[in-house]
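A.B. asks: My questions will all concern the structure given below.
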Amino acid sequence: MTPAQAAERLPQALAMQDWETARKALKRLVRADPGNASLHYNLGLVLRRLGDPDAADDAFGAALKLSPGHLNALFERAAAAMDAGRREAAEAGFSAYLEKAPDDADGWLNLARLRLRRDAAGEAEAAFAKVLALRPGDRDAEIGLAEAGLRQGRAEAAAKLRTLFAELPAERPRLLKAMSQGPRGKIPLSGLALTGRARDVGAG
């Protein structure tokens, strides 16, 4: 495939979500123009779509080496680390990204989730609160904020999770997991408590 053929095939491959053809086209274009940060970045996006976060990390890293201020590459590199289960790298990546893009609610949400997985409930709570300040009513952040509070033994967080369980049937498996895990503040898992009809469900 020549660079001209790659450039011709790429738009259609992307439109059709033919990620393998897009990967081949982008690899050819990168070989022809290795100093183009945008090509490395787009290759990284395609590699994430193909489920290859390690190769995606390399592509985003190449984009950032060429263009250190490429915020999208910084975000996506952290996301690729999260895909690969490299939580420390992902958390560090999102922290670095948010220093440059502090008003990105998605970045804060990913950072909050990573902190919660690390069981840093207080830090996670602060990040979830930041999401809600930027994007009021965000359901993921509301659930995460309540779970972080529950892990710190707060009765009001337990009440919030019970309310969400009653109001959001589609989220009940996730909410049940949140209410039954964590080192502190577990909610009794009786059906009566979960539907909100019990009068005294507290933390502990």
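A.B. asks: Where Rh is the Kirkwood radius over the Cα pairs of the range 1-132, the temperature 37 °C and the viscosity 0.692 mPa s, what D in µm²/s does Stokes-Einstein return?
C.D. replies: The calculation lands on 212 µm²/s.
A.B. asks: Could you please report the charge total around L111, scoring K, R as +1 and D, E as -1 over all other residues with beta-carbon less than 13 angstrom from its beta-carbon?
C.D. replies: Net charge around L111: -2.
A.B. asks: Give the value in nm², to one decimal: projected area of the alpha carbon convex hull of the range 53-100, averaged over all directions.
C.D. replies: Averaging across all directions leaves 2.7 nm² for the Cα convex hull.
A.B. asks: Express in nm, to one decimal, how much length is gained between E156 and R117 on full extension, taking 0.36 nm for each residue of separation and deducting their alpha carbon distance.
C.D. replies: 11.9 nm
A.B. asks: Same structure again: As a test of the definition: which semi-axes, in Å, follow for the range 59-155 when you take the square root of five times each eigenvalue of its alpha carbon gyration tensor? Largest first, please.
C.D. replies: 26, 14, 9
A.B. asks: At a 10 angstrom cut-off on C-beta neighbours, averaged per residue, how do the peptides 136-146, 101-111 rank from highest to lowest?
C.D. replies: So the peptides 136-146, 101-111, ranked by packing, come out 101-111, 136-146.
A.B. asks: Another question about this same structure. Out of all Cα-Cα pairs in the range 96-153, roughly what percent, to the nearest whole number, are more than 12 Å apart?
C.D. replies: Here the tail beyond 12 Å accounts for 58 percent of pairs.
A.B. asks: First obtain the Kirkwood hydrodynamic radius of the range 20-81 from its Cα pairs, then insert it into the Stokes-Einstein equation at 10 °C and 1.306 mPa s, and state the resulting D in µm² per second as a whole number.
C.D. replies: Estimated diffusion coefficient is 145 µm²/s.
Rule-based calculations on the coordinates, nothing more; no lab input. Quick caveat, the model's predicted, so the values are computed rather than measured. All Cβ positions, even for glycine, are placed from backbone atoms using ideal geometry, and neighbour counts span all protein chains on display.
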